[in-house]
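Below is one structure, written out as structure tokens, with a few remarks after it.
The values are calculated or read from the model by the stated rules, or taken from the named source; none is laboratory data. All of these numbers come straight from a predicted model, not from anything done at the bench. Neighbour counts run over all protein chains shown; Cβ positions are idealised from the backbone, glycine included.
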């Protein structure tokens, strides 16, 4: 009987904390991986935007303010730090892209341009990938945060100073997809 008590105590005091600690490390790394996935898709989006602007510029040369707004929003999004600032910058970028595509609708020749249509398709695909990456990131954050806040794993989290991760939240307007179809 004493042997079983000792085995149970060893398990509770040694094995369980190691198991929980390793699961925290795994979740934290998955959150980092998910954040990296978002960054990859955002970079792809940032790289597409100048090409879209150039395509529209060729047809809509007098829409200078729209081009400047999109460029400024893109630069703000690229330089944003932290998820809250990044989410706000992404919302602003999405709004300016909507205005760019609204301008493009006024030019039938542009809507028929194969290069522009391909860029629209790529941007739409990228938007979908960004949304998927955000959902994956937020699900990993939810899993990590739940484990940090749940008993008894919260005891291990406090001992090893695991911190809650921040969700990649969006404004309600941003939840609407960018419409790039004409």
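Could you tell me whether the range 107-116 includes any residue that is buried (at least 19 other Cβ atoms within 10 Å of the Cβ), more than 17 Å from the chain's Cα centre (by Cα) and modelled with pLDDT under 90? There is at least one residue in the range 107-116 that is buried (at least 19 other Cβ atoms within 10 Å of the Cβ), more than 17 Å from the chain's Cα centre (by Cα) and modelled with pLDDT under 90.
Residue 76: more than 21 Å from residue 165 (Cβ to Cβ) and part of a helix (DSSP H, G or I), yes or no? Criteria met by residue 76. Against the list (1) free of Cβ contacts under 8 Å to residues at least 40 places away in the same chain; (2) surrounded by 20 or more Cβ atoms within 10 Å (Cβ to Cβ); (3) more than 12 Å from the chain's Cα centre (by Cα), the condition residue 89 fails is (3). Remark: pairs (first residue in the range 30-51, under 13 Å from residue 77 (Cα atoms); second residue outside any helix (DSSP H, G or I); Cβ separation under 9 Å; 6+ apart in sequence or on different chains) = 38/168. It is to be established whether one or more residues within the range 55-65 are closer than 19 Å to residue 45 by Cβ, crowded, with 19+ Cβ neighbours inside 10 Å and more than 25 Å from the chain's Cα centre (by Cα). Yes, the range 55-65 contains a residue that is closer than 19 Å to residue 45 by Cβ, crowded, with 19+ Cβ neighbours inside 10 Å and more than 25 Å from the chain's Cα centre (by Cα).
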